[in-house]
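The values are calculated or read from the model by the stated rules, or taken from the named source; none is laboratory data. Just so you know, these numbers come straight off a predicted model, no measurement behind them. Quick reminder, even Gly has a Cβ in these numbers, built from the backbone with ideal geometry, and neighbours come from all protein chains shown. Note: accessible area is taken over every heavy atom of the protein model, side chains too, but ligands, DNA and RNA are not part of it. Shrake-Rupley method; radii C 1.70, N 1.55, O 1.52, S 1.80 Å.
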Amino acid sequence: MVFVKGGKFNFGSNTGLEREKPEREVIIQSFLIDKNLVTVQDFRNFINASNYTTEAEIFGNAIVYDDSINAWQLVDGADWEYPLGKIKKNAPNNHPVTQVSWNDALEYCRFCDKTLPSEVQWEYAASERGQKKNQLFYWGNDPIVNDKYMCNTWTSGYPNTIGFQDGFKYTSPVAHYKANSLGIFDMAGNVWEWWQEWYKEDYYSKSPVNNPQGPEDGSHRVLRGGSWNSDTSALRVDYRSEFNPLPKVRDFIYGFRCVSGSN
């Protein structure tokens with residue numbers, strides 16, 4: 001894990017989407033955050049030690065993108081080990097685990113005596129303690145630097161065709177792309193990340209100033225960070241997902257990391 005020293009921080013954006021407004025100065029306590037997304041191997045270790053059964057395994061299916069028909073569909077047998085279905089290859093151990101619901105992610109965190117991040121923790125860490133809030137992305141304003149993609153994203157014809165210009169059709173190995181200055185990898189692209197709190201569009205205007213932890217209730221959970229199937233607009237450090245899925249949803253584009261302290 002990486003230690004992130006607390007401080008004052010401008011949370012949200014005055015120039016972004018309505019659900020990202022208004023920008024507010026908040027005070028955040030120090031915390032630890034996983035430097036990497038939880039990998040398939042990490043999750044396998046958890047399953048072997050806990051005998052936990054994921055919701056994809058209980059329901060017997062999960063959501064997969066079929067590029068041959070350009071559609072998302074429920075696929076029988078898709079789960080964290082076989083995210084595209086049992087007839088496809090199993091997931092590489094060093095890729096982020098996917099096909100985990102919010103509930104699955106929370107159980108992993110509990111087992112490790114950690115929690116899912118709050119929105120303010122993630123945005124604070126992604127923007128390098130607020131130092132990169134004046135940029136579109138944590139590395140700058142261009143998704144391509146020196147002819148290289150800076151993260152794993154949808155690179156051609158979004159949303160109708162998958163591009164390989166970044167080197168990957170779907171997920172990429174964890175820590176394949178450069179970390180931010182705090183030493184945290186994959187804070188943009190690869191997989192959307194589950195967060196602790198409920199989602200409410202107007203939360204930013206009502207959030208407390210001191211270490212905000214999100215609304216107390218709701219029907220959807222927050223996702224941040226963008227994924228391999230996102231266009232570049234979703235890679236901004238202050239971007240909030242607009243399609244926030246219900247907690248039981250499991251999909252090949254959702255993963256997570258953990259935090260410890262201050263919650």
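For the reader, a short list of remarks on this structure follows.
- Packing rank of 3-15, 92-104, where each peptide gets the mean count of other beta carbons within 10 Å, highest leading: 92-104, 3-15
- Inter-probe distance in nm under a simple model that places probes 7 Å from Cα toward Cβ, at residue 8 and residue 181: 1.9
- Backbone N atoms of the range 94-122 closer than 20 Å to the 7 Å Cα→Cβ label point of residue 206 belong to residues 118-121.
- Amide proton proximity set for residue 11, modelled H, under 5 Å, gap of 5+: 24, 25, 26
- Counting DSSP beta bridges with both ends in the chain, the antiparallel % (nearest 5): 85
- Here the extension length gained between residue 233 and residue 32 equals 69.6 nm, from 0.36 nm per residue of separation less the Cα-Cα distance.
- Relative to the current alpha-carbon distance between residue 94 and residue 213, full extension at 0.36 nm per residue lengthens the span by 39.8 nm.
- Rg followed by Dmax, in Å, when the range 99-205 is reduced to its Cα trace: 15.5, 42
- With the largest listed first and rounded to whole Å, the semi-axes of the equivalent ellipsoid of the range 10-158 from the Cα gyration tensor are 31, 22, 15.
- Rg to Rh, two decimals, where the range 13-63 supplies the alpha carbon set and Rh follows Kirkwood: 1.21
- Additional length obtainable on full extension of the chain from residue 145 to residue 69, 0.36 nm per residue less Cα span: 24.1 nm
- Seen against the Cα atoms of the chain and their longest principal axis, helix 40-50 is set at about 80 degrees.
- Listed pairs 114/148; 133/206; 89/148; 86/200; 21/88; 35/88 exceeding 32 Å between Cα atoms: 114/148; 86/200; 21/88
- Trypsin sites (Lys or Arg not before Pro) within the range 24-119: DSSP coil, no more than 14 neighbouring Cβ in 10 Å: 86, 88, 89
- Solvent-accessible surface of protein heavy atoms, probed at 1.4 angstrom with all chains present, puts 150, 187 in the order 150, 187, largest first.
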